[in-house]
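As structure tokens, the structure follows; a few thoughts come after it.
Computed from the coordinates by the stated procedures, all read-outs in this text should not be read as laboratory data. Note that this is a predicted model, so its numbers are computed, not measured. FYI the Cβ positions are ideal-geometry reconstructions off the backbone, even for glycines, and counts take in every protein chain you see.
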Amino acid sequence: MAAVLAGLLLCASFSFCSTQYTLDDSKGLGKKFDGIGAISGGGATSRLLVDYSPNETSEMMDYLFKPHFGASLQILKVEIGGDSQSGEGTEMSHMRNASDEDYNRGYEWGIMVEAKKRNPDIKLYGLPWAFPGWLSMGKGQNPYAYPNVTARYIVNWVEGAKKTHNLTIDFIGIWNERPYDATYVKTLWKELDTRGFEETRIVVADGGWGIAADVLKDSELANAIDVIGAHYPGSKTTAQALETNKTLWASEDYSTYNDLTGGGCWARLINQNYVYGNMTSTIAWNLVAAYYKGPPFFRDGLMTAIHPWSGYYEVESPIWMTAHTTQFTSPGWSYLLHGSGVGELVGGGTYVTLKSSTTNDFTLVIETMTHDHSICIRPKLAPFTVKPQNASFQLKGSLAAKGVHLALYVTHLNFQGGPSTIFQRQADISVAADGQFTIELDVDSVYTLSTTRGQLKGHYPQDHPNVSFPFPYKDAFTYNSSREYPLYFEDQSGVFQLYDITGRAGKVLRQVITEPPIVWVPNANGPVTIIGDHTWVNLSVSVQVQTLSSNQSVFVAARVSSAGVSISKAQGVFFWLTGSGHYAVSSDINGKTVLAQGAAPVSVSPNKWITLSLQVKGASAWGCVNAVQAFALENFPVTSSGWAALGTGSYAYALFDDFSVDPPVSNSNDFCPVVSLP
């Protein structure tokens, strides 16, 4: 304590402070390091990733998963889809009813396969955000109504991963950021064991630390779980969580715009979650921000991929903040003890030291992020000060090998407008014969010093243009037989899949969810999928539709203002048509604020293809059915911009084909072109 106080006095007196820290494993080791990870899901955060060409997708997989290349992630957490809005969109369920099983449905399987291909040691972790409605068997929004049914549903996913893709699921969660049920946790544990998945460990409760109280008083619950995972813990745990002696994780963290400040946030969390919270894994939401700009949490990924039509993607600073730890360590290494290799720097910032479980290799990671340059989206960050400083380190125990040369990698984030230094190799630091070395530390920086070698700042040339969504745009869904979903559409509730239909060329788009799901956030009244650019203002949208019953409604929409977790509140211009031939125009996605309605101007019936066309220009809108005008509205309140969208008024099958978005024509008389229907 006297040495720390002396160091504090030095820092108070001079612009550069200096003190000495000891790195010593002779008194024992701290907790086992479980790895740094990221989340694909919660939801549909990787949606546009799979619309890139195979070459570009492979490059991004390398940046994320390839050891000694980029982020070199050690844990991949994925959403177990529930056919419902779960963050930025909808992810597909592997079971849409009790007899339906498809373990190729959706893109998370492919991402896990690519991750394992690059790093066979990566740990896989599955977690549901939403559930298909059939699991509650009529008991509303409760996935725990029949614990055995839901446990089988989840373990079927674990088994499907193994049998279909040879993927071992290492960890499984309960229900993202929603109440847990102790009976269900125990049931899931028993179901895993009964079906031969004893090694799949349970993480609870992907929310706060509150479950620790139940773990302490319920021995069966304690036996069922291995990890307590909290979200956005602010690098703090609780006394009860520590008392459980369970492994503690920040099982979701970061969720911050991935500019330099976002990089600073992530660098600080990776260190401080262990320094202050004894959390041995930190998992970022999200893996790659591959969803449209406009919904909440845009660009909250380790990298950004939102231009599949051109191939452009961005490798952001959080990739390299991750590399400062992951390229120099492995899960199974151990932290040194607090005070003997882990702790605070006197001038502000933190340091952690990790040691190999099989050799004397060790890695020291230092971060000096300032408050204003490392603010995360949540929780609120208390004020603190960081100053430039000199830090001297004394190696002891098995770390004190003579003649050690430590590889040094540095990131310095420049917030003054100049270039930043990102994950650059510097000259090795030599350790003196007595085990000492000194390093000069600047603010807003990360320093990794390690006895390991082989690290790399991977790079692929980025020669693709950064261009907006193509306009005009047409899609007749004439894809090859292996494709499951259309290009660039982002489902916001329900699921729109490609579908072969007799007597029609190519494929059509089919909305396939027929029962309301057990939701994570409120959905629209029915399924909806968006496409395009949230800045679109004046446009014409056209699509062929087919309802399967007279009371079913479908819509085409423009200027849709909201998506993601706020989809249930979306505003815009929604042009509805029922199978019986009634049309309506609403300014909200649930059809409550009706601006116009009436009988369609042409004959409409179920199982018949009909063309719906909608034009929005300024404060005017026109709509046509089979090229015949149904309505014309002038000077009505409408959102200023937004996506195009398709949807249904309830959870029921519906078909869509020959979608197009074009510039508006000059007036309503020119709007409805003659359309030849099959």
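For the stretch 235-249, in order, what is each residue's ³J(HN,Hα) by Karplus, 6.51 cos²θ - 1.76 cosθ + 1.60 with θ = phi - 60°, in whole Hz (x at glycine and Pro)?
6, 10, 10, 10, 4, 5, 4, 5, 5, 5, 6, 7, 5, 10, 10
Taking the Cα atoms only, what angle lies between the long axis of helix 54-65 and the longest principal axis of the chain, rounded to 10 degrees?
30
Report P(r) for the chain: all Cα-Cα distances, bin width 20 Å, range 0 to the bin holding the largest distance, values in whole percent.
Percent of pairs per bin, in order: 18, 46, 28, 8, 0.
Whole angstrom only: what separates the Cα centroid of the stretch 144-168 from the Cα centroid of the stretch 456-471?
For the stretch 144-168 versus the stretch 456-471, the Cα centre distance is 38 Å.
Taking the 0 to 90 degree range and rounding to the nearest ten, how far is the long axis of helix 147-165 tilted relative to the main principal axis of the chain, both from C-alpha atoms?
Taking the Cα atoms of the chain, the angle to 147-165 is about 80 degrees.
How far apart, in nanometres, would the label points at T502 and Q240 be if each is projected 7 angstrom from Cα along the Cα-to-Cβ direction?
Computed distance between label sites T502 and Q240 equals 6.1 nm.
Using the beta-carbon distance between V665 and E515 and R0 = 35 Å, what value does 1/(1 + (r/R0)^6) give for FRET efficiency, to the nearest 0.05?
Taking R0 as 35 Å, the efficiency between V665 and E515 is 0.30.
Helix-only mean residue ellipticity at 222 nm, the chain, DSSP H runs n ≥ 4 weighted -39,500 (n - 2.57), per residue, nearest 500. What is it?
-5000 deg cm²/dmol, from helical runs alone.
Going 7 Å from the Cα of A182 toward and past its Cβ, which residues in the stretch 218-242 have a backbone nitrogen under 20 Å from where you end up?
Zone members listed by number: 218-230, 238-242.
Got a sec? Which residues in the stretch 413-429 would a label at D259 touch, if it sits 7 Å along Cα→Cβ and we count backbone N under 19 Å?
Hits in the stretch 413-429 for D259 at 19 Å: 413-422.
Once you have a ≥ b ≥ c as the square roots of the Cα gyration tensor eigenvalues for the stretch 554-614, tell me rounded if a/c is under 1.5, and otherwise prolate or oblate according to whether a/b is larger than b/c.
prolate
For A433 paired with K217, estimate the spin-label separation in nm (one decimal), with each label point 7 Å from Cα along the Cα-to-Cβ line.
Placing both labels 7 Å along Cα→Cβ, they lie 6.3 nm apart.
Across bins of 10 angstrom width beginning at 0, how are the C-alpha pair distances of the stretch 230-332 distributed, in whole percent?
Final binned percentages: 15, 42, 28, 12, 2, 0.
State whether the stretch 473-670 is rounded, prolate or oblate according to the following rule on the C-alpha gyration tensor (a ≥ b ≥ c being the square roots of its eigenvalues): a/c under 1.5 gives rounded; otherwise a/b larger than b/c gives prolate, and the remaining case gives oblate.
rounded
If each residue's Cβ is checked for other Cβ atoms within 10 Å, how do M60, M321, M137, M369 rank with the fewest at the top?
Placing the least packed residue first, the sequence is M137, M60, M369, M321.
How much FRET efficiency would the formula 1/(1 + (r/R0)^6) give for S53 and H165, where r is the Cβ-Cβ distance and R0 is 22 Å, rounded to 0.05?
So the FRET efficiency works out to roughly 0.45.
Could you list E101, E199 in order of exposure, starting from the residue whose Cβ has the fewest other Cβ atoms within 10 Å?
E199, E101
Against the longest principal axis of the chain, how steep is helix 182-194, in degrees 0 to 90 to the nearest 10, with axes from Cα atoms?
80
Full-extension gain between S99 and S357, please, as 0.36 nm times their residue separation minus the C-alpha to C-alpha distance. It would help to have the intermediate numbers written out before the result.
On the way: separation 258, 0.36 × 258 = 92.88 nm, distance 4.62 nm.
Full extension of this stretch gives 88.3 nm more.
Mind giving me the nanometre distance, one decimal, between the label points for T385 and K31, set 7 Å out from Cα along Cα→Cβ?
Once both label points are built, they end up 3.1 nm from each other.
When Lys and Arg each count +1 and Asp and Glu each count -1, what net charge do the other residues less than 10 Å away from I80, Cβ to Cβ, add up to?
Here the count lands on -3.
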